[in-house]
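Here, each number is a calculation from the coordinates, and none is a lab measurement. A quick note: this is a predicted structure, and the numbers were derived from the prediction, not measured. Neighbour counts run over all protein chains shown; Cβ positions are idealised from the backbone, glycine included.
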Amino acid sequence: MKKIEVKVEEGILAGEEKTTRMIFRGVPYAEAPVGQLRFRAPVPKHPWKGVRDAVEFGPICPQPDPTSGFYGREFYTDPSFPVPGQNEDCLYLNIWAPLAKKPGGYPVAFWIHGGAFDHGWGSEMEFDGDAFTSQDTILVTINYRVGVFGFFAHPDLHTDGIGNAGILDQILALRWVVKNIAAFGGDPDRITVFGQSAGAMSVQALICSPLTEGLIHGAVRQSVAGYDNGLGRKILPEDAYKTSGIIMELLKVSTLDEMVRVPAEKFVEILPALYEKTGGLAFGPVIDGTVVTQDYDQAAENGTIQDLPYMIGMTENDITVEEGEDARNSRFYKGIIDWAKLRLKNSRKPVFVYYFRRKLPGDDAGAFHSSELWYVFGTLDRCWRPMTPHDYKLSSAVIEYWTSFMKNDDPGKGWKPYTEEEQFVRSFM
């Protein structure tokens, strides 16, 4: 392996140099959130001496085994891409960048993974930056704390936000990129934050947070985004405290000090019982007045989200879309269109809407939730499905649209912004 060194604020990193690109894996952006730092806001990484290797992906936040069921087969059971080791010391990011320098720097795509806020990581097999670097764009993917580790709330933690440690991880990673991406050839003033599912909800939180003002140039939200779509989880501090009280009951502890000493695996083991008591998923960004200060739907109504170029869309067989239903009649789809209309009312910045309709080959799952990820990252070769030449052509088009938006605030190639006069939605079939 040929290595390349880059100096960042904390020290020197040694990544992998390939023919036209460089890859830095497992770059620490925070101190390990362990011991007394568990559940608290992340602490920026301290400087290190010498050269730190950045050629292996870092460990991931402790979480349930993802290898069973439909999504297990889809993303998590290929032996060529084993599930990484789990450790609370998980706050790492990964960078793919072109080798050649460019005046003014390359645009940066900052990816936030999905996973219902209780699983997922930034180096999953479907994520890769080679296709982005070939389009003169830098890709950054991140790990952040999920589950109890990222969203536990307790009154003694209030100075660190309320139940938002995982969102604060994302914000610190974004700040790290703003400070350091120029060393990799990136433009810190042109960072597009994008995410899918819980990652899209994370992007939604970041554009409603005063802590990210001036850090984001544009945003892409893939699925689980929109206005009044039935999926907007308005979690208030009292909700976070109630859920955390159930967590403590299940663990048979009564103080924060005891929670700090609970073995990490216990927080994963209690999740089925927790979900039984909460009636479903329990975690997500909390509107705590500090990290997230606005209700998402109200912010869309009032135009008080960050005024940026946006891209937003869904898949044809996305979650909540009933089997046999035309998704364009669904509340999910209507929420996307209504969100775009609110932006027209409150902003002159463009909104681009898409609808991913390609029914993936290999079974009858259709254009399922998360199916577009293979196409966005150009990783069809890693998928078990019998992809066709059409799929590869479609993936190339999707990548070009996404990266053009990141470069130019416009996906180009005839994709028009959504307007009242011309309600343009780009379909991918």
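Near Val260: Cβ cut-off under 10 Å, other residues only, Lys/Arg at +1 and Asp/Glu at -1. The net charge is +1. Between Lys18 and Ile23, the built amide H atoms are under 5 Å apart, and every one of these is 5 or more places off in sequence or on another chain. Here is the list for region 315-386: trypsin sites (Lys or Arg not before Pro) lying in DSSP coil, each with at most 12 other C-beta atoms within 10 angstrom of its C-beta, are Arg348. In region 167-268, the inverse of the mean reciprocal separation of distinct Cα atoms equals 16.3 Å; this is its Kirkwood hydrodynamic radius. Packing, as the average of other Cβ atoms within 10 Å across residues, places the peptides 360-366, 287-293, 118-124, 96-102 in the order 118-124, 287-293, 96-102, 360-366, highest first. Taking Cβ separations below 4.7 Å as the criterion for a possible disulfide partner, the isolated cysteines in the chain are Cys208, Cys383.
Annotation: amide H of Gln86 within the under-5 Å range of Ile60, sequence separation 5 or more or interchain, hydrogens built in the peptide plane. Label separation (Trp384 vs Glu56): 2.8 nm, computed from points 7 Å beyond Cα along the C-beta direction. The relative contact order of the chain comes to 14 percent, based on Cα pairs under 8 Å that sit 6 or more residues apart.
Here the relative contact order of region 160-266, from alpha carbon pairs under 8 Å that lie six or more residues apart, stands at 23 percent. A crude spin-label estimate for the pair Thr255 and Ala14, with each label 7 Å from Cα along the Cβ direction, gives 4.6 nm. For the cross-link pairs Lys179/Lys407; Lys49/Lys179; Lys45/Lys234; Lys345/Lys413, the ones whose C-alpha atoms lie over 22 Å apart are Lys45/Lys234; Lys345/Lys413. A cut-off under 10 angstrom between Cβ atoms defines the neighbours of Cys383, and their net charge, with Lys, Arg +1 and Asp, Glu -1, is -3. Consider a paramagnetic label point 7 Å from the Cα of Asp295 along Cα→Cβ; state which residues of region 328-351 have an amide N under 17 Å from it. Output list for this probe position: 339. Largest first, the three principal axis extents of the alpha carbons in the chain are 58, 51, 42 Å in whole numbers.
The alpha-carbon of Lys101 sits under 20 angstrom from the alpha-carbons of these aspartates and glutamates, leaving out residues fewer than 8 places away in its chain: Glu5, Glu9, Glu16, Glu17, Asp130, Asp136, Asp187, Asp189. Stretching the chain fully between Thr304 and Ala365 yields a gain of 18.2 nm (0.36 nm per residue, less the alpha carbon separation).
A simple rule links phi to the HN-Hα coupling: the Karplus curve 6.51 cos²θ - 1.76 cosθ + 1.60 with θ = phi - 60°, which for region 253-270 gives 10, 10, 10, 5, 4, 5, 4, 5, 9, 5, x, 4, 5, 5, 5, 7, 5, 7 Hz, with x for Gly and Pro. Note that region 276-283 has calculated 3J(HN,Hα) couplings of 5, 7, 8, x, x, 4, 10, 10 Hz, one per residue in order, obtained from phi through the Karplus relation 6.51 cos²θ - 1.76 cosθ + 1.60 (θ = phi - 60°); glycine and proline are x. Note: relative contact order over region 257-394, using C-alpha pairs below 8 Å and six or more positions apart, is 21 percent. Taking amide H as placed 1.01 Å from N in the peptide plane, the amide H of Leu360 sits under 5 Å from that of Gly366, Ala367, Phe368, each at least 5 places away or on another chain.
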